[in-house]
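What follows is one structure encoded as structure tokens, with my remarks underneath.
Nothing in this text is a laboratory measurement; each read-out follows from the coordinates by a stated rule. A quick note: this is a predicted structure, and the numbers were derived from the prediction, not measured. Here the Cβ positions follow ideal geometry from the backbone for every residue, glycine too, while neighbour counts run over all protein chains shown.
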Amino acid sequence: MIHAPLLSIAGRHWFTDTTNGFRAYSKRYLSDPRVAPFRDVFSRYELLFYLTARAGQLGYRVCEIPVRRSYPVGEPTPTKINGFKGKLSIFKELFHAASGRFNP
């Protein structure tokens with residue numbers, strides 16, 4: 001309810017799922033000096049959020065390809081993000097990416 005709308009607004013493209021980890025980026029996009037993805041500022045999930053928002057901002061073609069997401073039945077949802085502190089950190093990274101803080 002927060003993640004996809006915020007990155008959609010920032011990235012100028014409506015995204016339905018911004019947390020799914022399957023992504024593809026062109027060489028042209030990754031080598032664009034206005035993107036500069038190979039910086040030390042990206043240490044956790046920031047790069048994932050930043051690249052999602054930045055592509056639309058720079059006018060690159062953006063699309064989603066639906067994939068199936070399934071979880072084990074009767075087991076907790078597998079995640080590396082745990083506890084309040086972990087979730088708060090994700091929101092902080094999300095807001096920084098959406099607000100342009102990572103732009104070179």
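So what is the calculated 222 nm ellipticity per residue for the chain, using -39500 (n - 2.57) for each DSSP H run with n of 4 or more, over all residues, to the nearest 500 deg cm²/dmol?
Theoretical 222 nm ellipticity from helices: -11500 deg cm²/dmol.
The computed percent of Cα pairs over 24 Å apart for the structure shown corresponds, within [x] 24; [y] 35; [z] 30, to [x]. Can you tell me the 0 to 90 degree angle between the C-alpha axis of helix 46-57 and the longest principal axis of the chain, rounded to 10? Once rounded, one gets 50 degrees. For segment 17-76, a Kirkwood radius taken over Cα pairs fed into Stokes-Einstein (37 °C, viscosity 0.692 mPa s) yields D = 245 µm²/s.
Estimated from the Cβ-Cβ distance and a Förster radius of 30 angstrom, the FRET efficiency linking Ile9 and Lys85 is about 0.70. Residues Val73, Val67 in ascending order of nearby Cβ atoms (within 10 Å, fewest first): Val73, Val67.
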